[in-house]
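Readers should treat all values here as calculations from the given coordinates under stated rules, not as data from a laboratory. These numbers come from a predicted model, not from an experiment. Heads up, the Cβs are rebuilt from the backbone with ideal geometry, glycines too, and the neighbour counts pull from every protein chain shown.
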There are 2 protein chains.
Amino acid sequence: MLNHRILLNQRPVGEPNAESWKADQEEVRELADGEVLIKVLYISIDPAMRGWMNAGKSYIKPVEVGDVMRALGVGEVVASKNDRFEVGCHVSGSVGVQEFAISDASDLVKVDAKALPLPVYMGTLGMSGLTAYFGILDTGMPQEGETVVVSGAAGAVGSVVGQIAKIKGCKVVGIAGGEDKCKYVVEELGFDACVDYKSGNLRKLLRTECPEGIDVYFDNVGGDILDTVLGQINKKARIVICGAISQYNATEPQGPKNYLSLLVNRARMEGIVVFDNYKKYPEAIAQMIEWIKAGKLNINFQEEEGGVAAFPEVLMKLFKGENTGKLVLKIQA
Amino acid sequence: MLNHRILLNQRPVGEPNAESWKADQEEVRELADGEVLIKVLYISIDPAMRGWMNAGKSYIKPVEVGDVMRALGVGEVVASKNDRFEVGCHVSGSVGVQEFAISDASDLVKVDAKALPLPVYMGTLGMSGLTAYFGILDTGMPQEGETVVVSGAAGAVGSVVGQIAKIKGCKVVGIAGGEDKCKYVVEELGFDACVDYKSGNLRKLLRTECPEGIDVYFDNVGGDILDTVLGQINKKARIVICGAISQYNATEPQGPKNYLSLLVNRARMEGIVVFDNYKKYPEAIAQMIEWIKAGKLNINFQEEEGGVAAFPEVLMKLFKGENTGKLVLKIQA
């Protein structure tokens, strides 16, 4: 059986391009004891992928040149030498950009394909949703009545952050690119407002929507937007640094020029990595399923077609801001 | 009686210069009920003064053009219509850059001129020392065995920060400018090491002195030094933003390009303002007096002569890094 896959061909400087990737195929090998063979159905397209392509110390080891590109995903177990995962069950875990993944099962969890669409296990109930959950609750610490601002508000993480902040009784203002996304954020996700950073004067728009200042900022984008928000934070504000999609392809990264606003406002800027919370995943997922059932949490995702060959192009949609909700790539049916 | 004083003449762009100041004199007026007349003996020269000269929202209102420049200081009460402060007692408070200050006494505290040299009440036991105390203990939260790095290590705040971190059982590495200062920091203040940022490769020097990475960084300087430290922090590091003396005169401020190290390391960067802790000043001062008596805390200060006329020049010594320990200006005997 042939496995089509995408390898990291060359570490990019700036934006990934055609040279970054190499399409490849190999015969699927026999399983060793404890392993399972997963037919990959969907992979999760994440901004973090850009970081994994870089050499150097980070929160996770880089993908090596020549290796299959790392990707989280969901699939069906089609062969198994592991008692915990029987043929026919669905699993979520690190599968890579390929059609068939052999896993030692150490990071796999079973998912219920009948309860919810499979992409939800990569989105609201996957790494994106968990990042949102722990980031906003444990680090953002939103209090009832506070003003919470979220960038990348239409994205996989931002959309969940804002909905959780609403559940906690906050005023929630999103930042997104374009009228359609802003409309989506307010009408479908229930944010109180959403400002379009592409429309011109973000500073003024934010001031209008946040007349009492900003208590919590959940940042997925970095760059000028972070600086603008820093100019409007309240005393003791909490800024959650979850990502910086505007900077991942930058060859000369831009630091927040307004960081001394932290001093003036005795405010805090703190980075988060979802994996630190793995022991608390079950309780977070249980809570989010409850919210989904209660209609308080929208399971938004955007599904792209094209299999592994479409991966390089679909990844760029993230950096161009062309997705609304969790972006997933369908690998096969 | 004539009062010589220095007024803010013009808000500077970049470094303060001769145009920024105006020397002036006025006849001392009669006291109203509740007021005291202070013969100013010393004023405290603080980096924060540069911020007070700017218009715009900050943690304290700006000095208005035409007003006496704000300064903390110590002096002797020479006339009093306030029962709490008798003629002859010594006080510390906001006195301004002038020879005689009339105060409603609301911010004055009595100090004991016999117990310690008067400048100590502006340094180790004044705003600088209190900033160090609350910043390192409450925000830096150093744990025994951790590595603490302090910039501006020979300065008024940094010198106290490092000594407190030593008392708490940490490995303490200072950053200062020049061999003499570094020698002072190690030999007089008892830091484990001090690296000279002017000597060339700060990155390498820090790595040599902090082989286990940096757990707490107390930043007084900002700029490239902050970026270099960000590249060497440990997981869950705490960065205390106390000041950014390299940036106060900058017309185009420099943000920390490496701020995404906060994300990778789940680290925190937090601003502090000493005034938030005013209710806890007495216990902090009591603790520091105990440490001084026990020989654990060095009361370092640098006294400049020249009275109010010397103020513009002495202030620039701070920005040029020409002081070791708390910088004070003697106003009169």
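Suppose we look only past 33 Å in the calculated P(r) of chain B. What percent of the Cα-Cα pairs does that tail hold?
26 percent
Taking the Cα centre of region A:127-275 as origin and assigning +1 to Lys and Arg Cβ atoms and -1 to Asp and Glu Cβ atoms, the resulting dipole is close to 380 debye.
Look at the alpha carbon pairs under 8 Å that are at least 6 residues apart: their mean separation over the length of chain A gives a relative contact order of 18 percent. By the count of other C-beta atoms within 10 Å, a proxy for reagent exposure, B:M288, B:M269 are ordered fewest to most as B:M288, B:M269. Could you tell me what percent of the DSSP beta bridges with both partners in the protein assembly as shown are antiparallel, to the nearest 5? So the antiparallel bridges amount to about 55 percent of the total. Each stretch of four or more DSSP H residues adds -39500 (n - 2.57); spread over every residue of the protein assembly as shown, this sum gives -6500 deg cm²/dmol at 222 nm. Step through the table entries A:K296/B:K236; A:K114/A:K183; A:K236/B:K236; A:K235/A:K320; A:K183/A:K296; B:K168/B:K293, compare each Cα-Cα distance with 25 Å, and write down the pairs that go over it. From the list (A:K296/B:K236; A:K114/A:K183; A:K236/B:K236; A:K235/A:K320; A:K183/A:K296; B:K168/B:K293), the Cα-Cα distance tops 25 Å for A:K296/B:K236; A:K114/A:K183; A:K235/A:K320. Extents of the protein assembly as shown, taken as max minus min of Cα coordinates on every principal axis and listed largest first, are 98, 51, 40 Å. Taking other Cβ atoms within 10 Å as a rough exposure proxy, A:D215, A:D83, B:D24 sort from fewest to most as A:D83, B:D24, A:D215.
Among A:T124, A:V68, A:S106, whose Cα lies farthest out toward the positive end of the dipole of region A:67-124, if unit charges sit on the beta carbon of Lys, Arg (+1) and Asp, Glu (-1)? Most positive-ward Cα: A:T124. Near the amide H of A:A105, within less than 5 Å, lie the amide hydrogens of A:V36, all on another chain or at least 5 residues away, with H placed in the peptide plane. More than 13 Å apart: what percent of Cα pairs in region A:179-225 qualify? Value for region A:179-225: 64 percent of Cα pairs lie more than 13 Å apart. As a size descriptor, the averaged projected area of the C-alpha convex hull of region B:142-211 was calculated at 4.0 nm².
Rounded to the nearest Hz, the phi-derived 3J(HN,Hα) couplings of region A:326-333 under the Karplus curve 6.51 cos²θ - 1.76 cosθ + 1.60 (θ = phi - 60°) are 4, 9, 10, 10, 6, 8, 6, 8, where x marks glycine and proline. Ranking A:N249, B:M269, A:V91 by how far each Cα lies toward the positive end of the dipole of the protein assembly as shown (charges on Cβ) leaves A:V91 at the top.
Remark on B:I175: its backbone amide H falls under 5 Å from those of B:V150, B:S151, B:G152, B:A153, B:V195, a criterion applied only to residues 5 or more positions apart or on other chains, H modelled at 1.01 Å from N.
Here is the list for region B:217-317: GluC sites (Glu not before Pro) lying in DSSP coil, each with at most 12 other C-beta atoms within 10 angstrom of its C-beta, are B:E305.
Each of A:W21, B:W52 has some number of other Cβ atoms within 10 Å of its Cβ, and from fewest to most they run B:W52, A:W21.
When chain A is described by a simple charge dipole with +1 on each Lys and Arg Cβ and -1 on each Asp and Glu Cβ, the residue from A:G213, A:Q287, A:I6 located farthest towards its positive end is A:G213. Please work out whether region B:127-275 counts as rounded, prolate or oblate from its C-alpha gyration tensor, where a ≥ b ≥ c are the square roots of the eigenvalues and a/c under 1.5 means rounded, while otherwise a/b larger than b/c means prolate and anything else oblate? In terms of gyration-tensor shape, rounded. Sites listed here are GluC sites (Glu not before Pro) in region B:136-180 whose DSSP assignment is loop and whose Cβ has at most 11 other Cβ atoms within 10 Å: B:E144.
For chain A, the antiparallel share of DSSP beta bridges with both residues in that region comes to about 55%.
For region A:13-22, the Karplus equation 6.51 cos²θ - 1.76 cosθ + 1.60, evaluated at θ = phi - 60°, returns couplings of 9, x, 5, x, 9, 4, 5, 6, 10, 9 Hz by residue, with Gly and Pro reported as x. For the residue pairs A:K39/A:K279; B:K204/B:K326; A:K257/B:K330, the alpha carbons lie more than 32 Å apart in A:K257/B:K330. The magnitude of the dipole of region A:236-302, with charges of +1 and -1 set on the Cβ of Lys/Arg and Asp/Glu and taken from the Cα centre, is near 300 debye. Taking amide H as placed 1.01 Å from N in the peptide plane, the amide H of B:F100 sits under 5 Å from that of B:H4, B:V40, each at least 5 places away or on another chain.
About the Cα centre of chain B, what is the dipole size in debye to 20, counting +1 per Lys and Arg Cβ and -1 per Asp and Glu Cβ, all else neutral?
Taking the Cα centre of chain B as origin, the dipole is about 1040 debye.
Phi-derived couplings, Karplus 6.51 cos²θ - 1.76 cosθ + 1.60 at θ = phi - 60°, listed residue by residue for region B:229-235: 5, 3, x, 10, 7, 8, 4 Hz, with x used for Gly and Pro. D for region B:23-124, whole µm²/s, Stokes-Einstein with Kirkwood Rh over alpha-carbon pairs at 10 °C and 1.306 mPa s: what number? Estimated diffusion coefficient is 111 µm²/s.
The distance linking region A:100-127 with region B:1-51 is 68 Å (Cα centroid to Cα centroid, whole angstrom).
Isolated cysteines in chain B, defined as those with no second cysteine Cβ under 4.7 Å, comprise B:C89, B:C170, B:C210, B:C242. Note on region B:262-316 and region B:132-198: Cα centroid distance 12 Å, given to the nearest whole angstrom. A simple count of charges around B:T251, restricted to other residues whose Cβ falls under 12 Å of its Cβ and scoring Lys, Arg +1 and Asp, Glu -1, yields -1.
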